[in-house]
Amino acid sequence: MKNIYFIISLLAGATLLISCSGEGKQVVKKELTGGWEFRQAGTEKWYPAEVPGCVHTDLLKNKQIEDPFYRMNEKDLQWIDKKDWEYRVVFTTDRSFQKMKHKEIIFKGLDTYADVYLNDSLILKAENMFREWKADISSLLKEGSNELRIYFHSPIKIGLEKLEKNGYPLPAANDYSEIGGMGDKRVSIFIRKAPYHFGWDWGPRLVTSGIWRPIELQGWNEAHMEDLFIRQDHITREQAEITALFTVYSDKEMPAMLSISDNDLKQVLGTREVQLKQGYNTFDIPVKISNPRLWWSHGLGEQNIYTFTGSLLTGNTLLDSRMVSTGLRDIKLIQKTDPDGKGESFYFQLNGVPVFMKGANYIPNDAFLPRVTNERYEDVVKRAADANMNMLRVWGGGIYENDVFYDLCDKYGILLWHDFMFACSMYPGDNEFLENVRNEAVQNVMRLRNHPSIALWCGNNEIETAWRNWGWQNLYNEQQKKEIWKAYDTLFHKLLPSVVNEYAPGMPYWWSSPTQGLNVTDYNRPYRELYSGDVHMWSVWHGKQPFSLYEKYIGRFMSEYGFQSFPEMKTIESFTLPEDRDITSEVLNWHQRSGPGNMLIKTYLDMYYKPALNFEHFLYLNQVLQAEGVSLAMEAHRRAMPWCMGSLFWQINDCWQAPSWSSTDYFGRWKALHYYARKAYKPLLISPEVKNDSLFIYMVSDSLNDQHGVLRFALYNFDGNLLLKREKEANIPGNTSTVVWVEPIQTFTQLGKLQDVF
Ligand code: BMA
């Protein structure tokens with residue numbers, strides 16, 4: 001094993017390098033990867049398994065099932081989630097590990113109901129895919145061979161028990177229980193597991209189980225550092241006031257020394273002598289950095305990263321150390337009442353600058369999460385930056401992502417609107433459920449709070465609006481309604497914001513996406529949703545309205561809107577036979593999860609284009625239709641700056657091969673929409689709009705500096721003949737949208753028969 005060097009210091013200013021390798025280490029970590037086996041509970045044969053992994057991909061590798069994404073195979077694989085599954089591994093520990101005083105096992109992710117046995121003793125019962133689980137195994141671990149066995153209960157069986165116990169069903173709009181052979185029994189709401197595993201209107205229903213994140217053995221002696229938070233108290237261009245917040249666990253009372261250093265400068269920033277007590281300890285060291293190199297979102301400046309090391313020592317012994325990379329930045333959500341008192345702003349301010357958010361919604365990259373490699377993560381985040389985006393919304397029906405995803409967002413300057421994992425459903429409010437969620441929220445907020453890319457935590461996706469507007473209340477009696485709303489209120493208005501406030505102070509929290517805010521009472525006011533808060537605009541597609549509505553219906557922050565397209569032929573070929581390649585085929589309708597979506601695409605195509613000549617032609621036209629339609633919205637939102645300060649279309653990626661609202665498909669292939677997004681999100685956008693018998697030309701600039709240039713305007717007919725040419729000097733003020741040219745339509749109509757064009 002390689003030696004690891006820690007930069008530590010005993011006295012501020014003096015730097016010392018201590019080697020920490022093999023024997024004598026105070027904290028040792030070891031991952032349990034190879035040698036795993038799995039089987040269906042109650043059967044004899046064990047098969048090789050991959051960890052991290054999941055049941056479906058293990059069955060596939062062992063040729064026990066066909067590819068779940070191919071044609072309609074998903075349908076025949078619904079038995080898997082009704083069975084229990086077992087995983088086991090035999091691993092050895094050496095004498096030096098055995099000699100460590102404390103030995104723990106840490107499960108970074110178990111999906112979901114798992115009983116864990118070490119050498120046949122039950123060490124923990126897990127019940128939440130989003131939580132990390134830890135057990136003390138000091139007394140159970142043997143030198144030499146040990147057996148770890150994990151028994152996964154069918155989430156469906158447990159879900160059904162919970163549904164029965166609840167006494168009445170709860171709405172879960174995208175739980176595709178029928179595909180699962182369960183009629184209208186929707187159990188996803190009771191299970192803290194990625195909601196999209198139960199089906200969504202763009203994804204399969206494949207409710208898998210397994211060890212989806214690494215397992216680690218950790219040995220330590222007297223004390224170890226559980227967490228290091230670089231809290232950003234006050235960040236300006238002149239000075240960064242930060243606090244290094246240490247969480248230390250000690251098995252006894254003892255004196256210790258803490259230090260925090262800057263790795264790049266190889267400089268100790270602060271030290272503190274402390275008296276550890278037995279159990280958890282928190283200590284802080286305030287630090288000031290002059291003229292900090294600030295972290296900026298993509299397009300506005302550098303993504304400067306600082307790496308800090310926190311160390312814990314007693315005497316000359318380094319007990320533990322932790323490295324944290326972060327960017328120094330000030331992020332705020334500004335909600336100010338408009339001067340006319342009619343509405344309220346909704347924009348992000350980064351390092352004092354109001355920033356228009358250009359981006360998309362983001363879903364998990366695969367129905368089977370452990371298949372998403374670091375390369376695939378880099379590919380999707382880079383795809384966002386390549387299309388001039390500066391924000392993604394990690395949507396609430398997916399997962400709290402792997403660390404690497406956030407590192408990449410930090411690196412590429414992609415800010416994150418981060419939902420907690422609740423979507424389109426009402427949830428139970430019993431104490432057990434709430435406590436489980438509280439632990440989940442604390443762990444994830446703590447895990448992610450050093451990332452400069454996190455801009456906001458949001459309670460949930462579309463639940464408030466669903467409860468108010470989707471007719472759900474009609475399904476319940478008064479008492480039930482009260483109970484359901486109380487659970488909602490506790491979860492999203494009390495529990496989650498208090499966790500954010502306590503563990504990531506200063507980080508914006510928003511109750512639900514979309515919402516106009518808790519104080520909005522005038523629910524009957526027409527278009528009230530455009531005056532404050534964020535908006536999901538689905539009149540186009542779900543509401544079957546024309547694309548032109550995008551230009552009229554503009555709120556303060558457009559956090560969802562979109563239109564579907566099929567992926568390109570190569571992607572279609574990966575899951576179909578030639579006879580399936582028709583939008584009316586059983587297979588293409590199976591992969592279409594948004595109701596009669598294929599026919600809706602056809603209806604819009606008929607509205608705007610001539611009929612497609614063949615299937616390939618249809619695929620092409622469909623992508624152009626999506627691109628032209630959706631980019632109308634992007635441009636209109638940017639033109640409406642600063643009234644509107646955000647445009648996040650639905651959705652950048654896919655989790656299998658299917659028609660969906662995505663701009664890049666399951667394989668990361670760009671659809672026409674992604675190219676159009678790159679254009680519509682350019683830092684300097686020239687955007688025309690025809691209204692009130694005039695042509696308005698807007699310049700929308702994200703640059704923080706004013707610019708000056710010459711705007712050239714040329715009008716051609718469809719034969720390529722130039723009809724009109726003009727030039728004009730234009731001033732383009734920074735960070736806003738400006739009309740630089742207005743031309744009456746009459747100018748053009750006088751030129752010939754151009755009336756139709758407008
Ligand atoms: C919004 C999202 C998703 C959904 C999408 C398309 O409602 O929040 O739940 O997949 O629209 O219908």
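The values are calculated or read from the model by the stated rules, or taken from the named source; none is laboratory data. This structure is a prediction, so every number in the text was calculated from the model and none was measured. All Cβ positions, glycine included, derive from the backbone under ideal geometry; neighbour counts span all protein chains shown.
List the residue pairs whose Cβ atoms are under 9 Å apart, where the first residue sits in the range 574-593 and is over 12 Å from Asn73 (Cβ atoms), the second is at pLDDT below 95 and crowded, with 18+ Cβ neighbours inside 10 Å, and the two are 6 or more positions apart or on different chains.
Cβ pairs passing all conditions: none.
Leu148 versus (1) free of Cβ contacts under 8 Å to residues at least 60 places away in the same chain; (2) touching a Leu at 6+ places or on another chain (Cβ under 8 Å); (3) part of a strand (DSSP E or B): which is the lone unmet condition?
Result: Leu148 passes all but (1).
Which residue out of Leu392, Leu333 is touching a Phe, Trp or Tyr at 6+ places or on another chain (Cβ under 7 Å) and within 16 Å of the ligand (Cβ to nearest atom)?
Leu392
Could you grab me the full set of residues in the range 97-142 that are farther than 15 Å from Gln218 by Cβ and touching a Gly at 6+ places or on another chain (Cβ under 6 Å)?
Asp111
Going through the range 136-163 one residue at a time, which ones are within 22 Å of Ala49 (Cβ to Cβ) and surrounded by fewer than 16 Cβ atoms within 10 Å (Cβ to Cβ)?
Listed by number, the residues that qualify are Ser145, Glu147, Lys157.
Do the conditions hold for Trp467, that is, is it in contact with a Pro (Cβ under 7 Å, 6 or more places away or on another chain), within 15 Å of the ligand (Cβ to nearest atom) and not basic (Lys, Arg)?
no
If you go through the range 427-446 one residue at a time, how many are within 19 Å of Tyr168 (Cβ to Cβ) and surrounded by 16 or more Cβ atoms within 10 Å (Cβ to Cβ)?
5
One line per residue, one yes/no per condition, for (1) hydrophobic (A, V, I, L, M, F, W, C); (2) closer than 30 Å to Glu50 by Cα; (3) touching a strand residue (DSSP E or B) at 6+ places or on another chain (Cβ under 7 Å); (4) away from the ligand (no atom under 16 Å from the Cβ):
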site: Ala367; (1), (2), (3), (4): yes, yes, yes, no
site: Thr373; (1), (2), (3), (4): no, yes, no, yes
site: Tyr377; (1), (2), (3), (4): no, yes, no, yes
site: Val381; (1), (2), (3), (4): yes, yes, no, yes
site: Met426; (1), (2), (3), (4): yes, no, no, no
site: Leu434; (1), (2), (3), (4): yes, no, no, yes
site: Asn444; (1), (2), (3), (4): no, yes, no, yes
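Among (1) over 30 Å from Leu673 (Cβ atoms); (2) at pLDDT 95 or above, which single condition is Pro339 missing?
So Pro339 meets the others, but not (2).
From the list Asp366, Asp379, which residue is among the acidic types (Asp, Glu) and not in a helix (DSSP H, G or I)?
Among Asp366, Asp379, only Asp366 is among the acidic types (Asp, Glu) and not in a helix (DSSP H, G or I).
Would you mind finding the one in Ser548, Ser585, Ser512 that is farther than 20 Å from Pro659 by Cα and surrounded by 16 or more Cβ atoms within 10 Å (Cβ to Cβ)?
Ser512
Here are Gly555, Gly562: which of them is within 16 Å of the ligand (Cβ to nearest atom) and within 21 Å of Asp201 (Cα to Cα)?
So the residue among Gly555, Gly562 that is within 16 Å of the ligand (Cβ to nearest atom) and within 21 Å of Asp201 (Cα to Cα) is Gly562.
Could you check, for the range 127-134, whether at least one of its residues is assigned to a strand (DSSP E or B), polar (S, T, N, Q) and crowded, with 17+ Cβ neighbours inside 10 Å?
yes
So Ser96 fits all but one of (1) modelled with pLDDT of 95 or more; (2) touching an Asp or Glu at 6+ places or on another chain (Cβ under 6 Å); (3) closer than 30 Å to Ile137 by Cβ; what number is the exception?
(1) is the only condition that Ser96 fails.
If you check Ser574 against the conditions, is it under 26 Å from Arg205 (Cβ atoms), surrounded by fewer than 18 Cβ atoms within 10 Å (Cβ to Cβ) and away from the ligand (no atom under 16 Å from the Cβ)?
yes
Under the condition of being surrounded by fewer than 18 Cβ atoms within 10 Å (Cβ to Cβ) and within 28 Å of the chain's Cα centre (by Cα), which residue from the range 300-323 is farthest from Glu253 (Cα to Cα)?
Per the stated criteria, the residue is Gly301.
Does Pro155 satisfy the criteria of being closer than 21 Å to Tyr400 by Cα, under 28 Å from the mean Cα position of the chain (by Cα) and within 16 Å of the ligand (Cβ to nearest atom)?
Against the criterion (closer than 21 Å to Tyr400 by Cα, under 28 Å from the mean Cα position of the chain (by Cα) and within 16 Å of the ligand (Cβ to nearest atom)), Pro155 does not qualify.
Enumerate the pairs (first residue in the range 462-483 and outside any helix (DSSP H, G or I); second residue anywhere and within 14 Å of the ligand (Cβ to nearest atom)) with beta-carbon separation below 8 Å, excluding pairs fewer than 6 apart on the same chain, so at least 6 apart or on different chains.
Once the first residue is outside any helix (DSSP H, G or I) and sits in the range 462-483, its partners that are within 14 Å of the ligand (Cβ to nearest atom) give Glu462/Ala423; Glu462/Cys424; Glu462/Ser512; Glu462/Ser513; Glu462/Pro514; Glu462/His536; Trp470/Pro171; Trp470/Ala173.
Would you pick out the residues in the range 313-331 that are over 30 Å from Tyr509 (Cα atoms) and among the aliphatic types (A, V, I, L, M)?
Leu313, Leu318, Leu319
For the range 497-527, give me the residue count where each residue is under 23 Å from Trp650 (Cβ atoms) and outside any loop (DSSP other than H, G, I, E, B).
Counting residues in the range 497-527 that are under 23 Å from Trp650 (Cβ atoms) and outside any loop (DSSP other than H, G, I, E, B) gives 3.
Quick one: would you say Tyr87 is hydroxyl-bearing (Ser, Thr, Tyr), in a strand (DSSP E or B) and within 32 Å of the chain's Cα centre (by Cα)?
In short, yes.
Output the qualifying pairs, or none if there are none: Cβ atoms under 7 angstrom, residues six or more apart or on different chains, first residue in the range 403-429 and closer than 16 Å to Thr326 by Cβ and among the basic types (Lys, Arg), second residue within 15 Å of the ligand (Cβ to nearest atom) and at pLDDT 95 or above.
Sorted first by the residue in the range 403-429, then by its partner, the list stays empty.
State whether one or more residues within the range 506-520 are touching a helix residue (DSSP H, G or I) at 6+ places or on another chain (Cβ under 6 Å), within 16 Å of the ligand (Cβ to nearest atom) and polar (S, T, N, Q).
The answer is yes; a qualifying residue exists.
Looking only at strands (runs of 3 or more DSSP E) that lie completely in the range 174-268, which have at least 2 residues being of a type in the set (D, E, K, R)?
Counting at least 2 such residues, we get 223-235.
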